[in-house]
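Undergrad: The structure under discussion is supplied below as structure tokens; questions concerning it will follow.
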Amino acid sequence: MKLRVVVLGAGFGGLELSTILSEKMGDQLDLTLIDRNDSFFFGFSKLDVMFGQKAPEDVRLYYNNIRKLGVKFIRDTITFIDPVAKIVTTQHGTYEADVLVIALGADYDIAATTGLAEGGNEFYSFAGAERLRNALPTFSKGKVIVGVCSAPFKCPPAPSEAALLMHDYLTQRGIRNECEISIVMPFGLPIPPSPDTSKALLKAFAERNINFIPKHFIKAIDPSHKVAILDDETEMPFDLFLGIPKHCVPEVVEKSGMTVNGWIPVDRTNLKTQYPNVYAIGDVNSVGTPKAGVFAEGAAKIAAASIVKEFRDGEQPLPYKGDGTCYVEFGGGQVGKVYVDFFSGPSPFGIYTEASVDLVEDKHQFGSSREARWFNGTPNSAS
Ligand SMILES: Cc1cc2nc3c(=O)[nH]c(=O)nc-3n(C[C@H](O)[C@H](O)[C@H](O)COP(=O)(O)OP(=O)(O)OC[C@H]3O[C@@H](n4cnc5c(N)ncnc54)[C@H](O)[C@@H]3O)c2cc1C
């Protein structure tokens, strides 16, 4: 008998989990991987697209290049999840699972921040990054704000990276002296679990004259006066606002009744939900790690090991450590690196590797190794 696994979402978590199960179970596996998109892109490629470093088409990895034993990719929109019966409905079909894995990531609730849709921009969605790519060349002077509207938000270093890359972008265009850059963030430090990374980022901000405004978030935008309103009612005028919108689970997850306080709760050791044989990995859960691809990938490894163990009565997987390595763009052609571990010790800790030109290649390898592993090394093509 083959194990019928249905994986919802072909992002960081879904791709890693499907790859491992194919490797470990091969022809004993009948896995259906469902996503509404035709292609995957790394979160960090949105920064490349926004600042015109790469064309949108060059960062897409097409799902029709996936060739894995026991894995079938279906492009469809999931419309209903029944976690008790383990039945999933899409626009064009119905799928019944022995094991269901929810890996649908986080969506954005733009409307939760008054005025953001009308008066601001966001670079957290691919479409938002593409819009900014076209809008940035028309910006020539004034105040730029990179503002976080709510926590949790994906990839905690991303707002800092956006501000540092904005500095480079404006410098290259010769208009940096006509501009101010500020970051508004709810944390006290840019990367709270790693004081060393935070120190390096604060130094980089100071060297580049970037204002860091900690412990605040953007409550609203007043589009007619071009003013951002902070949680304490402080008003910050802007000419260009780049928002990090409030995050939420995709609507289909909300409708499934699986969420508590907005996210899917899971057993921290194995990523199981309260529903038998239903797992939730990555940004969609509330396991307690930041919302980032490397943590979704780490969770996928643990969930996959647990699925294999229960199918074959194999080895008990080690509990999830909630650890991962994030690269941080410092601008000026340099990349730093921070390893963070959330669950091994009494409190989260991070180890920082100083930004350098060498780590640019490291980050490139990070992406290309996953591309080869998840997409069989096939060239980037839509055909
Ligand atoms: C600007 C930026 C920079 C980032 N940089 C980094 C970085 O350097 N390192 C890092 O580790 N992380 C980074 N991230 C975060 C990273 O992209 C996410 O945390 C990661 O992709 C989460 O993985 P996931 O598998 O949980 O969800 P996702 O990768 O978001 O995948 C979820 C999938 O579900 C699909 N889906 C959702 N709803 C439906 C539906 N109803 N029907 C069908 N399909 C659906 C989506 O199409 C998507 O493909 C960055 C994010 C941003 C925005």
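Bear in mind these aren't lab numbers, they're just calculated from the coordinates by the rules spelled out. Small disclaimer: the values here were computed from a predicted structure and weren't measured. Here Cβ is always computed from backbone atoms with ideal geometry, including for glycine, and neighbour counts include all displayed protein chains.
Undergrad: Please enumerate, by chain and number, the aspartates and glutamates with C-alpha under 19 Å from the C-alpha of residue 321, excluding those fewer than 8 residues away in the same chain.
TA: Cross-link targets: 16, 267, 283, 297, 341.
Undergrad: Let me have the 222 nm mean residue ellipticity of the chain computed from DSSP H runs of 4+ only, each contributing -39500 (n - 2.57), with the sum over all residues rounded to the nearest 500. It would help to have the intermediate numbers written out before the result.
TA: Working: 9 runs with 104 residues, N = 383.
Rounded to the nearest 500, it is -8500 deg cm²/dmol.
Undergrad: Putting +1 on Lys and Arg Cβ atoms and -1 on Asp and Glu Cβ atoms, find which of 134, 113, 103 reaches farthest to the positive end of the dipole of region 77-187.
TA: 134
Undergrad: Then there is this: Would region 110-247 count as rounded, prolate or oblate if I go by the C-alpha gyration tensor, calling it rounded below 1.5 in a/c and otherwise prolate when a/b exceeds b/c, oblate otherwise?
TA: It comes out rounded by the Cα gyration axes.
Undergrad: Reachable lysines from residue 2, Cα under 22 Å, same-chain residues fewer than 8 places away excluded?
TA: 24, 68, 72, 86, 272, 301, 309
Undergrad: Select from 321, 154, 199 the residue whose mean-square fluctuation is largest in a Gaussian network model of the chain (Cα-Cα springs shorter than 10 Å).
TA: Ranking 321, 154, 199 by mean-square fluctuation puts 199 first.
Undergrad: If you look for lysine pairs in region 117-253 that are eight or more places apart or on different chains, how many of them have Cα atoms under 25 Å apart?
TA: Final tally of qualifying lysine pairs is 21.
Undergrad: Which percentage, to the nearest 5, of the DSSP beta bridges contained in region 110-247 is antiparallel? Kindly include the intermediate steps, with their values, before the conclusion.
TA: On the way: 7 of 25 bridges.
The antiparallel proportion sits near 30 percent.
Undergrad: Nearest 5 percent is fine: what portion of the DSSP beta bridges confined to the chain is antiparallel? Present the calculation step by step, with values, prior to reporting the outcome.
TA: Values: 35 of 73 bridges.
In the chain, DSSP labels about 50 percent of beta bridges as antiparallel.
Undergrad: Which helices, taking whole DSSP H runs in the chain, have alpha carbons extending 24 angstrom or more along the helix axis plus mean Kyte-Doolittle at least -1.0? Could the numbers behind the result be given before it?
TA: Working: long enough: 293-312 (28 Å, 0.65); 358-374 (25 Å, -1.41).
Span-like helices here: 293-312.
Undergrad: Follow-up question, since we're still on this one. Can you put 248, 149 in order, fewest other beta carbons within 10 Å first?
TA: Going from least to most buried by this count: 248, 149.
Undergrad: What is the order of 62, 108, fewest Cβ neighbours within 10 Å to most? The partial results should precede the final answer.
TA: On the way: 62 18, 108 22.
If I rank by nearby Cβ atoms, fewest first, I get 62, 108.
Undergrad: Between residue 364 and residue 224, take the C-beta separation as r, use R0 = 56 Å, and let me know the FRET efficiency to the nearest 0.05. Please report the intermediate quantities before stating the final value.
TA: Working: r = 44 Å, r/R0 = 0.78.
Efficiency for this residue pair is about 0.80.
Undergrad: Using a 7 Å offset from the Cα along the Cα-to-Cβ direction at both residue 321 and residue 37, what is the distance between the two label points in nm, to one decimal?
TA: Reported label-point gap for residue 321 and residue 37 is 2.9 nm.
Undergrad: While we're looking at this one, here's another question. Give the order of 235, 122, 297, 310 when sorted by the count of other beta carbons within 10 angstrom, beginning with the fewest.
TA: On the way: 235 10, 122 23, 297 19, 310 15.
Ranking 235, 122, 297, 310 by Cβ neighbours within 10 Å, fewest first, gives 235, 310, 297, 122.
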